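The values are calculated or read from the model by the stated rules, or taken from the named source; none is laboratory data. As the structure is a prediction and not an experimental result, all values here were calculated from the model. So basically every Cβ, Gly included, is an ideal-geometry build from the backbone, and we count neighbours across all protein chains shown. Remember, those area values only see protein heavy atoms, side chains included, never the ligands or the DNA or RNA. Shrake-Rupley method; radii C 1.70, N 1.55, O 1.52, S 1.80 Å.
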Amino acid sequence: RHLGNTAGTHVCEVEVDPETGVVELCRYSAVDDFGRLVNPMIVEGQVHGGIAHGVGQALLEGCRYDSDGQLVTASFMDYTMPRADNLPGFDVDYAPTHPPDNPLGVKGCGEAGAIGAPPAVINAICNALDINHLDMPATPETVWRAARQTAA
């Protein structure tokens, strides 16, 4: 039985300091289709949490292994998670469509922010640096090296 697919668009505006590689998220907007919202406050919280998670993946969190294959980023002491001061306010809206085969007209929303945020953030950084690709996480060092390559 087809229950409908969610869809959305996430857009991120950043400022990049090419001298330090520091990325500041200035604005983040998301419009998603979750069908009929049964509890809009819970849905908004899910989207906000997912965006924060995705921003962390894009900018801060990465798995690193030593030469023996031992994970060396196994705790919060080893890498950074996003905090409130790493995130702008989010502009969140909805463009609901109703799936014809679902009598409730609802769709899932739990992972939308985490799916949309990494490419939105990385694409914004690539646009700012006028490059085509940047591996995650886009740490200040990674961004600084990318900025140096484009300046050369």
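Going by accessible surface with a 1.4 Å probe and the largest first, S67, S75 read S67, S75.
Across the accessible surface of the chain, with the other protein chains kept in place and a 1.4 Å probe, carbon and sulfur atoms take up 52 percent. Restricting the trypsin sites (Lys or Arg not before Pro) of the range 1-70 to loop positions (DSSP other than H, G, I, E, B) with no more than 15 neighbouring Cβ atoms within 10 Å leaves R1, R36, R64. Starting from the coordinates of the alpha-carbon atoms of the chain, obtain the Kirkwood hydrodynamic radius over all distinct pairs and give the value in Å to one decimal. About 16.8 Å, per the Kirkwood formula over Cα pairs.
In this view, the solvent-accessible surface of C126, computed with a 1.4 Å probe and all protein chains in place, comes to about 10 Å².
Accessible area per residue for the range 1-103, computed on protein heavy atoms with a 1.4 Å probe, is 64 Å².
Accessible surface comparison of Y94, Y28, probe 1.4 Å, protein chains only, largest first: the order is Y94, Y28. Taking every alpha-carbon pair under 8 Å whose residues sit at least 6 apart, the range 15-80 reaches a relative contact order of 16 percent. Mean residue ellipticity, 222 nm, helices only, the chain: the sum of -39500 (n - 2.57) across DSSP H runs of n ≥ 4, divided by residue count and rounded to 500, is -11000 deg cm²/dmol. Of the beta bridges in the chain, as assigned by DSSP with both residues counted there, near 70 percent are antiparallel.
Residues E19, E61, E24, E44, sorted by accessible area with the largest first, give E19, E24, E44, E61 [1.4 Å probe; ligands and nucleic acids excluded].
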